[in-house]
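We did not get these values from a lab; they are worked out from the coordinates using the rules stated. These numbers were taken from a predicted model, which means no experiment stands behind them. Cβ: placed from backbone, ideal geometry, glycine included. Neighbour counts: every protein chain shown.
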């Protein structure tokens with residue numbers, strides 16, 4: 001078993017599309033993002049869902065990483081039967097009973113660094129929460145979806161604050177650059 005060392009306390013959330021058809025190339029990038037988080041000995045936080053977060057969880061587990069899923073459900077039965085969400089690739093699942101929007105806030109507040117790729121309206125909600133909370137934000141470029149317009153959103157619409165945002169094509173480089181900002 002791997003020893004976690006000094007970075008065990010750093011938590012990185014991965015946020016992105018969980019619904020509909022997702023291009024295999026995007027899922028491969030999400031898997032690589034999860035691997036990169038685990039290789040840096042950080043804890044991966046996800047919404048305990050399918051799609052991009054699930055691929056990131058799988059990638060982290062391939063590198064013996066620690067994965068915490070934060071569910072919108074009240075309990076395991078509701079998580080699997082009502083929300084139809086997975087439990088594999090997660091070491092711990094926290095059941096918030098707060099629905100998606102409440103779960104999103106819990107995810108953002110739990111993560112030290114928030115990583116985004118692709119996404120839809122739920123991902124936009126997570127991004128705006130992370131921006132308002134002044135989290136370190138990393139965006140994997142050229143993945144499509146809502147994350148492609150994050151620069152426009154922050155330039156034109158968002159209040160200015162001290163949020164630091166990094167845009168990068170390579171998952172490993174993105175994780176390392178975000179960690180560099182945390183120090």
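Data table
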| quantity | calculated |
| --- | --- |
| Relative exposure of 103, 176, judged by other C-beta atoms within 10 Å (fewest first) | 176, 103 |
| Rough spin-label spacing in nm, given labels placed 7 Å along Cα→Cβ, for residue 64 and residue 109 | 3.4 |
| The stretch 91-183 - convex hull of alpha carbons, volume per residue in Å³ | 107 |
| Between the stretch 149-183 and the stretch 47-126, the Cα center-to-center distance that results, in Å | 21 |
| Gained length - residue 98 relative to residue 78, 0.36 nm times residue gap less alpha-carbon distance | 6.0 nm |
| The chain, helix-only ellipticity at 222 nm - DSSP H runs n ≥ 4, -39,500 (n - 2.57), divided by all residues, nearest 500 | -11000 deg cm²/dmol |
| Stokes-Einstein D for the chain, Kirkwood Rh over Cα pairs, 4 °C, 1.567 mPa s (µm²/s) | 81 |
| Whole-number percent relative contact order across the chain, with pairs defined as alpha carbons under 8 Å at least 6 apart | 20 |
| Additional length obtainable on full extension of the chain from residue 134 to residue 177, 0.36 nm per residue less Cα span | 13.8 nm |
| Residue order, fewest to most surrounding Cβ atoms within 10 angstrom, among 14, 37, 139, 175 | 139, 175, 14, 37 |
| Residue exposure sequence - 19, 12 - by fewest surrounding Cβ within 10 Å | 19, 12 |
